[in-house]
Amino acid sequence: MTEEKRAVQVPGLNRKRLMDIYERLHARFGPQDWWPGETTLEICLGAILVQNTSWANAARAIGNLKKEGLLTEGALKKVRGDRLARLIRPARFFNMKARRIKGFVAYLSKYFEGDVDRFLDLPTEELHEELMGLDGVGRETADSITLYAAERPVFVVDAYTKRIFSRLGHFEASKNGDKDYLALQERLTAHLPREAALFNEYHALLVRLGHTFCRPTPRCEECPLRAVCPYSKDDMQE
């Protein structure tokens, strides 16, 4: 199956267009109250655990850690890696993610006396650079921590964001994932007020849309963006 756009003129990407999309999503779904987590450490762990899996799976893993009293830097530092891996098994790739969590906690211990909030108080560019230097922390995870835990205005670009804005006619993927990420992120942030709360809610609403309607096989007839989107599943042809 290939995706084709209707022969309609797509409006340019500007603040009015982006805020219209936002307002339509917000009117349909309401506030999303993201990112789930009672502490900044829990939010950071969630960003690692949700890699290559659903939030539901990551939440189950976090729930296991919470039941065992392991949602503190000190407890995570002491727990054996194999036990940690077993507890986060619902999040998939659990051995790898256990190593990444242990590495993150070791970093906090070495440079910030285990205080995640001291780490998150770093200037935005420095914080992002430090995150990108950690094992297993790519651009999306670093941006998620920067936005949701540190509350800095960094727009998170995930698979949902790329799919939605591609279908809206504002993004064309190449074979360079990192280049695509930065290109779309730059286009979005260039036209939006640099407000962490807005970026938070906008990304959460895009995730909700991608999860419920703008799926790989989309449910266009029910989509809240149908009136402003040139894409329709009726255009998908063999």
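The table that follows gives values for the structure above.
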item	result
Hits in segment 24-58 - residues which are within 21 Å of I164 (Cβ to Cβ) and in a loop (DSSP other than H, G, I, E, B)	G30, P31, Q32, D33, W34, W35, V50, Q51, N52, T53, S54
Residues of segment 67-95 that turn out to be in contact (Cβ under 8 Å) with a residue 24 or more places away in the chain and either surrounded by fewer than 15 Cβ atoms within 10 Å (Cβ to Cβ) or more than 26 Å from the chain's Cα centre (by Cα) (or both), as a count	2
Single match in A75, A61, A106 (criterion: in a helix (DSSP H, G or I) and closer than 18 Å to A142 by Cβ)	A106
Failed item in (1) in contact (Cβ under 8 Å) with a residue 60 or more places away in the chain; (2) out of contact with any helix residue (DSSP H, G or I) (no Cβ under 6 Å at 6 or more places or on another chain); (3) not aromatic (F, W, Y), with A106 passing the rest	(1)
Some residue of segment 168-190 being within 16 Å of L25 (Cα to Cα) and of a type in the set (S, T, N, Q)	no
Residue count for segment 141-188, restricted to those that are touching a His at 6+ places or on another chain (Cβ under 9 Å) and polar (S, T, N, Q)	3
Which numbered condition A75 fails, given (1) touching a Gly at 6+ places or on another chain (Cβ under 8 Å); (2) under 28 Å from A204 (Cβ atoms); (3) of a type in the set (A, V, I, L, M)	(2)
So V137, is it in contact with a Phe, Trp or Tyr (Cβ under 9 Å, 6 or more places away or on another chain) and in a loop (DSSP other than H, G, I, E, B)	yes
Answer from R163, R187, R208 - the residue that is surrounded by fewer than 19 Cβ atoms within 10 Å (Cβ to Cβ) and within 27 Å of D20 (Cβ to Cβ)	R187
Selection from segment 16-28 of residues that are under 18 Å from the mean Cα position of the chain (by Cα) and hydrophobic (A, V, I, L, M, F, W, C)	L25
Wholly within segment 148-238, helices (runs of 4 or more DSSP H) carrying at least 3 residues that are aromatic (F, W, Y) and in contact with a strand residue (DSSP E or B) (Cβ under 9 Å, 6 or more places away or on another chain)	none
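Any read-out appearing in this document is the output of simple, stated calculations on the displayed coordinates, not a laboratory observation. Source: prediction; values computed, not measured. Don't worry about glycine lacking a Cβ; one is built from the backbone with ideal geometry, like all the others, and counts go over all protein chains shown.
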